[in-house]
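Student: Questions regarding the structure given below will be posed in turn.
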Amino acid sequence: MIRRKLEKVLKKAAGNNQVLSVMGPRQSGKTTLVKMVFPDYSYINLEDPSLRRFASEDPVSFIKNFGNRIIIDETQYVPSLFSYIQLSVDQDRQQRFILTGSQNFHLHGKISQSLAGRVAMFSLLPFSVEEMKGSAFEHKEYESYLVKGFYPRIYDRKLNALKWLNDYVLNYIERDVRQLQNIGDLNKFGQFLKLCAGSAGQLVNFSSFGNEMGISYHTAQSWLSVLEASFIVFRLYPYHNNFKKRMIKTPKLYFYDTGLASSLLGIKSAAELQLHFAKGSLFENMIIADILKNSLNRGLKPDVYFWRDSTGNEVDLILDDPGGPVAVEIKSGRTIDPGFFKNLNYWRSLHSGRESKEILVYGGDLSQTRSNTKVLSWDKLTRI
């Protein structure tokens, strides 16, 4: 078993909070993690129709029936339960709950309304590169991660990654999408998913999505929100500061797992990826998602953006640090080229006289410092 970095954070948080929430995509390992960290807790999965009915019809008895230490899996199925959890922890200081869910905005909103100030919230995404290191599943070439992805079950069960990822998409569409929104044409929604995969690392253009799919701007926007709510994709928003040139205001689109994006693009192997148009974008996607994971695995909320001005100058990732912004440029090439530093040098010129740090993440193996820029190998992201 690969130990998750969030494990220590959860143990510490449980000593100070009566309610913990762990959200993340389906099959990211939430249930395995919380059952391992809290073995003395009763476990309930609300995907079971009988338990879901019990929780909906008689929430007070439901809570009392399972004692004062309870793990409730897939809590988004019974959002009305949150109010009764609030009453329970307010009345009994010994009562403890671990709540998990695979629908981000839906669950987060209900928790915020009902358990404000009473819950510590965490997110668990599929494995990070850091978590894979030293395990029997570690890949030495980043292309394997781009194609295979990081979902635990693929590695735990030694499954065919392409088949599992394709099945994941089908199961997700049939089950979760119908819950979140009444989408009539699931085939068209599946095509929309593939369009999103081809747009990974690019600016979100709802009008373009709509025109290409034959759907309205608002439908495209709504469908993308469904994908965000289920931890399939996320939007990276632009970083704004008082620069002279007009800044781009449109967000960029990324997948939480590059294996899923690769499967949607029909990429079957690392060898096939080498000549694919999306290789650079998928590498950029993996690095940004991995930096997110490293923060979330430590219980931190990542403050990340990208930067681009109206003339096309761009930095792939900006970490908004209290000590000053950290600019991160991402290149899939394994050989360091002087051209890799162009955007970082431009960014530095805008920050003349102000605190700023620059990092280049690339596809090679060596980490070093060149001039004012720290150069990091793709598998050394914890040094950021």
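The values are calculated or read from the model by the stated rules, or taken from the named source; none is laboratory data. Not measured: the values here are computed from a predicted model. For neighbour counting, all protein chains shown are included, and Cβ atoms are generated from backbone atoms with ideal geometry for every residue, glycine included.
Student: Those residues that are part of a loop (DSSP other than H, G, I, E, B) and more than 21 Å from Val9 (Cβ to Cβ), I need them from the stretch 94-115; list them, please. Lay out the reasoning, then the answer.
Tutor: Going residue by residue through the stretch 94-115, those that are part of a loop (DSSP other than H, G, I, E, B) are 94-95, 102-103, 115.
Passing the criteria: Gln94, Gln95, Gln103.
Student: Filter the stretch 127-166 down to residues that are of a type in the set (Phe, Trp, Tyr) and not in a loop (DSSP other than H, G, I, E, B) and give me whichever is surrounded by the most Cβ atoms within 10 Å (Cβ to Cβ).
Tutor: Only one residue fits best here, namely Tyr145.
Student: With the checklist (1) free of Cβ contacts under 8 Å to residues at least 60 places away in the same chain; (2) outside any loop (DSSP other than H, G, I, E, B) in hand, flag the one item Gly67 doesn't pass.
Tutor: It fails just one condition, (2).
Student: Looking for something of a type in the set (Ser, Thr, Tyr), surrounded by fewer than 16 Cβ atoms within 10 Å (Cβ to Cβ) and at negative phi - is there at least one such residue anywhere in the stretch 185-202? Before the answer, list the steps.
Tutor: First, pick out the residues of the stretch 185-202 that are of a type in the set (Ser, Thr, Tyr): 199.
Keeping just the survivors that are surrounded by fewer than 16 Cβ atoms within 10 Å (Cβ to Cβ) gives none.
Looking through the stretch 185-202, none of the residues is of a type in the set (Ser, Thr, Tyr), surrounded by fewer than 16 Cβ atoms within 10 Å (Cβ to Cβ) and at negative phi.
Student: Among residues belonging to the stretch 200-235 that are over 18 Å from Gly149 (Cβ atoms) and part of a loop (DSSP other than H, G, I, E, B), point out the one that is farthest from the chain's Cα centre (by Cα). Outline the logic, then answer.
Tutor: Start the filter on the stretch 200-235 by keeping residues that are over 18 Å from Gly149 (Cβ atoms), which leaves 202-226, 228-229, 235.
Subset that is part of a loop (DSSP other than H, G, I, E, B): 202, 204-205, 214-216.
Details: Gln202: 17, Val204: 17, Asn205: 21, Gly214: 29, Ile215: 27, Ser216: 27 Å.
Per the criteria, the residue is Gly214.
Student: May I pose another question? Going by the conditions given, is His276 outside any loop (DSSP other than H, G, I, E, B) and more than 22 Å from the chain's Cα centre (by Cα)?
Tutor: So His276 does not fit the description; no.
Student: If you go through the stretch 341-372, how many residues are assigned to a loop (DSSP other than H, G, I, E, B), closer than 28 Å to Glu143 by Cβ and either touching a residue at least 60 places away in the same chain (Cβ under 8 Å) or polar (S, T, N, Q) (or both)?
Tutor: Total satisfying the criteria: 2.
Student: Consider Ser88 carefully, then state whether it is over 19 Å from Lys11 (Cα atoms), part of a helix (DSSP H, G or I) and modelled with pLDDT of 95 or more.
Tutor: Considered against the rule, which asks whether it is over 19 Å from Lys11 (Cα atoms), part of a helix (DSSP H, G or I) and modelled with pLDDT of 95 or more, Ser88 comes out as yes.
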